[in-house]
Amino acid sequence: MASVTLYDAPPRLEGFALPDLPRSAWADAAPDARAQSQGLREALDRGEVTAWFQPVHRPSDGALIGAEAFARWIRPGRPAVSAPALTALAERAGVSTRITEQVVAQALAFRRRIAAPEGFSIAVNLSSADLRDRGTVERLCARTDGCGASPGELVLEIAEGRLVDAPRSAIDVLARLRQRGFGLAVDDFGSGGSSLALLAQVPFGQLKVDARFLLAAPTDRVAEGIVDACAHLGRRLGLTLAAEGVETPAHRALCDRFGIVAAQGTRPGAAVPASEFAARHRAV
């Protein structure tokens, strides 16, 4: 069956280049891989890998409607390690599923800490290892059951790039998660080069436009057109539309224009520790 690719990276369209997203100094330093992996395993045992939370706002009025959890390796006396460096390191160390479990547990505890209202969901990213592991569904259900939470309080995000050449077993894992009540979102949509057929095979509820397109869209017609195409596709499929890279009034105006109802950006609110988020958003 022929597949249709929405966008191939790197872009070759004249006059348009994707803006670079920040890189981690840890990724650039590239110390010994074996020492990195062992250090991360030990850090997990010591509880040094924690979830930080970024607010999700409704672009039309700025109302806080959710949060996204990101894993951070907090190393005493040294710079913290964040994604994407931590994601790559976790995959090399074989601890991706452990990190997902810990982030889910902390996200559920955080939601209760801030007494989040109904409809306030927290997004957690799934790794490639989570998709390959048939035990993922039962582990995540055990986490929600163990604290009396509903699976619907979480939205599990899968980067579009992780779905390229995804085995049938990964599609089955996602379908089972949706059947159990978890929300599913395809993240970074428009840059991963996946087949559009995946949107028919996986019961996603949300489509999140790649941040780089949204960042460039106010001043670049090609990027704007890609955001428009992604949003149109999402609406036709009945998916909730979300976007990262919403930093300015111009970005918010584009969200309103294209029907994007959930927005994240570093200026409106970067990811912070749970205690800082709770202090900033006492009115949740």
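The values are calculated or read from the model by the stated rules, or taken from the named source; none is laboratory data. Keep in mind it's a predicted model, so treat the numbers as computed, not measured. Heads up, the Cβs are rebuilt from the backbone with ideal geometry, glycines too, and the neighbour counts pull from every protein chain shown. What goes into the accessible areas is simple: the full protein's heavy atoms, side chains included, and nothing from ligands, DNA or RNA. Shrake-Rupley method; radii C 1.70, N 1.55, O 1.52, S 1.80 Å.
Values for this structure:
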quantity	calculated
Any chance residue 107 is modelled with pLDDT of 95 or more, farther than 29 Å from residue 224 by Cα, in contact with a strand residue (DSSP E or B) (Cβ under 9 Å, 6 or more places away or on another chain) and of a type outside the set (Lys, Arg)	yes
Of residues in the range 95-128 being over 19 Å from residue 50 (Cα atoms) and open to solvent by 10 Å² or more (accessible area, probe 1.4 Å), the one nearest to the chain's Cα centre (by Cα)	128
The range 70-84, residues that are among the small types (Gly, Ala, Ser), modelled with pLDDT of 85 or more and under 17 Å from residue 270 (Cβ atoms)	71, 80, 82
Residue 180 being farther than 30 Å from residue 223 by Cα and open to solvent by less than 40 Å² (accessible area, probe 1.4 Å)	no
Hits in the range 256-283 (condition: surrounded by fewer than 14 Cβ atoms within 10 Å (Cβ to Cβ) and part of a loop (DSSP other than H, G, I, E, B))	259, 270, 282, 283
Residues satisfying the stated conditions in the range 132-147, i.e. of a type in the set (A, V, I, L, M, F, W, C) and crowded, with 22+ Cβ neighbours inside 10 Å	140
Helices (runs of 4 or more DSSP H) completely within the range 159-240 that count 2 or more residues being of a type in the set (Val, Ile, Thr)	168-179, 221-236
Single residue of the range 148-158 satisfying the filter (surrounded by fewer than 16 Cβ atoms within 10 Å (Cβ to Cβ) and part of a loop (DSSP other than H, G, I, E, B)) that is modelled with the highest pLDDT	150
Selection count where residues are in contact with a helix residue (DSSP H, G or I) (Cβ under 9 Å, 6 or more places away or on another chain) and either over 20 Å from residue 53 (Cβ atoms) or open to solvent by 40 Å² or more (accessible area, probe 1.4 Å) (or both), scope the range 235-251	7
Test: residue 253 is part of a helix (DSSP H, G or I) and either touching an Asp or Glu at 6+ places or on another chain (Cβ under 8 Å) or of a type in the set (A, V, I, L, M) (or both)	yes
Qualifying residue in the range 82-92 (condition: more than 22 Å from residue 119 (Cα to Cα) and among the hydroxyl-bearing types (Ser, Thr, Tyr))	yes
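Per-residue answers, yes or no, for (1) more than 14 Å from residue 155 (Cβ to Cβ); (2) of a type outside the set (Lys, Arg); (3) out of contact with any Pro (no Cβ under 6 Å at 6 or more places or on another chain):
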| residue | (1), (2), (3) |
| --- | --- |
| 183 | no, yes, yes |
| 208 | no, no, yes |
| 212 | yes, no, no |
| 215 | yes, yes, no |
| 222 | yes, yes, yes |
| 238 | yes, yes, yes |
